[in-house]
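Below is one structure, written out as structure tokens; the observations come after it.
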Amino acid sequence: MINCSDPAVSDVQPEQHKQVSLDVLINRLNYLNFQNNHIIANFRHNDFDRTIALNASPLPCSGTQLDCVWQSPDNIPSNFPAFKLDNIIVPMGRDSLLVYPTHVECNSTGIRVGLPESCTRIGLRKVERYRCPDIRVSLIQNSALFQGRLTDFNALSFCVQIALEPPQSYQWLNSERPVNILFQDGNETIYCGECKIVRESIAKQNREFVLCPTTDNTKRFRAKKSRSTRQELLPLPSVVFLHPLTKKLVNLKVVNISGSGLSVEEDRSNPVLLPGMFLKNVKLRFTNNFQLTFDGQIIHRTTFEEDHKENSRCGIVFLDMAVNEHVQLLGLLQHACDPNAYICDTVDMDELWHFFFESGFIYPQKYKHLQENKERAKQVYQTLYTENPNIARHFIYRDKGAILGHISTLRFYEKAWMIHHHAAKGTKGRKAGIAVLNQMGSFINDSHSIYSMHMDYVICYFRPENRFPSRVFGGVTEELNDPKGCSIDTFAYYHQDIATSCAWDLTGPWELKKASQEDMLDFTAFYETLSGGLLINALDLESESLEQNSLHLEYKAIDIKKEREIFSLKMNGQLKAILILNISDLAINLSELTNSLKVFVLDEKTPIKTLNCAITLIAGKSPHANIPKLIFPVKYADDNELSYEKLYCLWIFKTKHSDQGLRQMRSTTRFNRQ
């Protein structure tokens, strides 16, 4: 079989030659036998200037005689007796051993040769290539699809063998134009990218092509100006993984790392990291007893010279990582950046409750709603803060052991996390409050691209009269100036049930029942017209999301209640209001925004008496008395003189804009990372 990726021996420069003893040659031949690899036998025609190269498997060797069997006897030409063995090439990494046998015996099954006392080590390649087992290749150009397999690989160039399927012709391929290459192992995609054809063989059917990637960069995510802070840790961690193409174990040192990715260096003469290639089950190893596992993708390569040697630095982005392992990494990195910053650190619950009261976060009116269920609240917070479940994260700023700042986040919707419980105390409270807010911003920036986090959106409730959150979250909203990137919707909030007669007339024009998909489509159209924000998507209110319950099961697994029911209020079949009842354990959110009834009034002419009756009936389905009610739009509450306690703004942020949001937040708070 002709191997078009190997240059002719005559092309090798004299200074690349080095004599090698017979013992070294025999050891290499036995290693190739042990690894089931092959050597290359080069033959030249007796009469014509024509050569062929055949792959042969060496048998165990212990002396000056070597026996080999042909790997593909069917490839031997019918006029084989007209050829004479010229030399043998024994692969040896980047180099090869050039052997001129002392005598030769050939037949249709194999070859026997005499080995000389020495042979020549020649540098056939600048970089080493690796054989690749069972990797399927799809080569695409101008809508023509060719199938084949990957024969050998390095990150700078690789050889593929393509087999034609009628009526295909190699004339369909223009070697002067780029092609798209897809590597697959079974049904798993390993790499897809644009390449150029460097060289090709002349075979009619199974033709070999040497290809080079056209770029050293892959744009997995949009570029960021506020990049994740990269740390250079000591001792250096390493990444260990089974290479998806060569199936060989790779172990490389990590030169810097952040919460969203890392960089490694590799020898330019032995490159195995191909930009665009996916990596599975990579071990990020800090010590023998501490390692994290992630899936990633190589996104770039840059070359540099160090000590007169050319090296490559490659960036790897995290695509997925177990949620709790990722928070361990973030905790390590943020603590290295600021020794007072902690993520999901073990906390004494008595100390935390003391902080909530002393900082004024739990004020008398809030405690009034909490105190009746304080024992259950203690149990819930014990779970959220000490068992480190996937659905919750907390950030604490300490000084000399004392808690000065706190903020937490809860995954309360399928793709949305809620920021809450932002508090600070003492003379250093402002700094601590800003520090934990910045921790949260960095967490979002580092985590939203991790699949297992399910963080497409971040939400937060705040009162518009509170200047700090209004300036921070409102500033981000104004900066983006796009309701599909960041939106704010305002609700009227009250607790007390409004006294009304609730004898529902089942024969009348009004009906109250479980919302249907058609109802949710109408509701979506109403919201888009009135607000145009992100509430429908972030709060799982799309028509197809009515039956989602995977997140509810996660809460159930840690013995925390989370349920939701959606109702529609109609008159003569026309939708007038949507009522969403959230039922959860009390005090998950200390303002009870996770245990409430949201009411969206679609028709401003809906009678307040009828709506109050519907609110009373639905609120009565909650196991908790006197739950909060939130009315949208506020104009309806004002027009109907509904007595509400306060206003709450619901801020929703699409995390793909985390870079711009983080920069605006830091600008607003004047936070500068040292």
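The numbers here are math on the coordinates, done by the rules we state, and not lab data. The structure displayed is predicted, hence computed values, not measured ones. FYI the Cβ positions are ideal-geometry reconstructions off the backbone, even for glycines, and counts take in every protein chain you see.
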Checklist entry - Where does each of Phe412, Phe241 land when they are ranked from fewest to most other beta-carbon atoms within 10 angstrom? => result Phe241, Phe412
Next on the checklist: Going by amide H atoms built from the backbone, whose H comes under 5 Å of the H on Glu200, apart from near neighbours?
Outcome noted: Val210
Checklist entry - Principal axis lengths of segment 102-150 from Cα atoms, whole Å, largest first? => result 53, 33, 20
Checklist entry - Hey, what angle do you get for helix 658-669 against the long axis of the chain, alpha-carbon based, 0 to 90 degrees rounded to 10? => result 50 degrees
Checklist entry - Each label point is 7 Å from the Cα along the Cα-to-Cβ direction; what then is the distance between the points at Lys484 and Thr189, in nm? => result 2.4 nm
Checklist entry - Which shape class applies to segment 130-213: rounded if a/c is under 1.5, otherwise prolate when a/b exceeds b/c and oblate if not, where a ≥ b ≥ c are the square roots of the Cα gyration tensor eigenvalues? => result rounded
Checklist entry - What relative contact order, as a whole-number percentage, does segment 130-213 give when Cα pairs under 8 Å and 6 or more residues apart are counted? => result 29 percent
Checklist entry - Given the C-alpha centroids of segment 598-620 and segment 316-344, what is the distance between them in whole angstrom? => result 45 Å
Checklist entry - Separation of segment 104-118 and segment 222-292 by C-alpha centroid, Å? => result 45 Å
Checklist entry - What longest range of the chain stays clear of loop-exposed GluC sites (Glu not before Pro) (DSSP non-H/G/I/E/B, at most 13 other C-beta within 10 angstrom)? => result 233-386
Checklist entry - So which of Lys368/Lys562; Lys196/Lys654; Lys374/Lys561; Lys431/Lys598; Lys556/Lys598; Lys84/Lys248 end up more than 27 Å apart by C-alpha? => result Lys196/Lys654; Lys431/Lys598; Lys84/Lys248
Item to check | Interchain or long-range residues, amide H under 5 Å from Arg463's placed H | outcome: Cys649
Item to check | Taking Arg376, Arg28 and counting other C-beta atoms within 10 Å, the order from fewest to most | outcome: Arg376, Arg28
Checklist outcome for this item: All alpha-carbon distances of the chain, grouped into 20 Å bins from 0, give the whole-percent distribution 15, 36, 25, 17, 6, 0
Checklist entry - So, in nm, how far is label Glu542 from label Gln382 when the simple model puts each one 7 Å beyond its Cα toward the Cβ? => result 4.0 nm
Next on the checklist: Can you compute 3J(HN,Hα) from phi for each residue in segment 398-415, using the Karplus curve 6.51 cos²θ - 1.76 cosθ + 1.60 with θ = phi - 60°, rounded to whole Hz and x for Gly and Pro?
Outcome noted: 10, 9, 6, x, 8, 6, 10, x, 8, 8, 9, 9, 9, 7, 9, 10, 4, 10
Next on the checklist: For His243, what residues show an amide H to amide H distance below 5 Å, using hydrogens built from the backbone and excluding near sequence neighbours?
Outcome noted: Lys248, Leu249, Val250
Checklist entry - Each label point is 7 Å from the Cα along the Cα-to-Cβ direction; what then is the distance between the points at Glu325 and Ser57, in nm? => result 3.7 nm
Checklist outcome for this item: The local net charge around Arg463, scoring Lys/Arg +1 and Asp/Glu -1 for residues other than Arg463 whose Cβ lies under 12 Å from its Cβ, equals 0
Checklist entry - Using the alpha-carbon atoms, what tilt in degrees (0 to 90, nearest 10) does helix 517-530 show relative to the longest principal axis of the chain? => result 80 degrees
Checklist entry - Quick one: net charge of Tyr413's neighbours, Cβ under 14 Å, K/R +1, D/E -1? => result 0
Checklist entry - Among Ser96, Ser452, which comes first, second and so on when ranked by fewest other beta-carbon atoms within 10 Å? => result Ser452, Ser96
